[in-house]
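Just so it is clear, none of the values below were taken in a lab; they were calculated from the coordinates. These numbers were taken from a predicted model, which means no experiment stands behind them. Ideal geometry is used to build each Cβ from the backbone, glycine not excepted, and the neighbour counts take in all protein chains shown.
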Amino acid sequence: MRAFGRSDIPFVRLDSSPDSFFYEKPRLAQHLDTTALSQIEDLSLRLLPKGARILDRMSSLTSQIATDLEPERVTGLGMNGEELAANGLLAERVVQDLKSESRMRAASLQLSNAG
């Protein structure tokens, strides 16, 4: 283990408490750094067609979907309702912790295929 809470093993959790504890209170802040945001937006442009129906599984105050994509509809899945409510890109909002409830509640969801 290195200083500042960084690990030599990628994706190791330093805090084993349930995610719901962290997301209990709205943070109303960007959860990713600018490099990660840029890479995810670029990836969405390469993989998703314009006018797509998208499920944003990392949704919060913002979505990491390139605005040039002009999606038909974006459904946001996140863990804090107040953060999802502040995201103006979302047409539908689902508050759910997929780690504790892995089956999505939005059974009628129709999405575009990225392939």
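Structural remarks
- The packing ranking, built from the mean of other Cβ atoms within 10 Å per residue, places the peptides 71-79, 49-57, 34-42 in the order 71-79, 49-57, 34-42, highest first.
- If the segment from residue 82 to residue 25 were pulled out straight at 0.36 nm per residue, it would be longer than the present Cα-Cα gap by 19.7 nm.
- Ranked by the mean number of other Cβ atoms within 10 Å of their residues, highest first, the peptides 21-33, 82-94 come out as 82-94, 21-33.
- Residue separation of residue 98 and residue 35 scaled by 0.36 nm, minus their Cα-Cα distance, works out to 20.1 nm of gained length.
- Spin-label pair residue 58/residue 42, simplified geometry with 7 Å Cα→Cβ offset, distance in nm: 1.4
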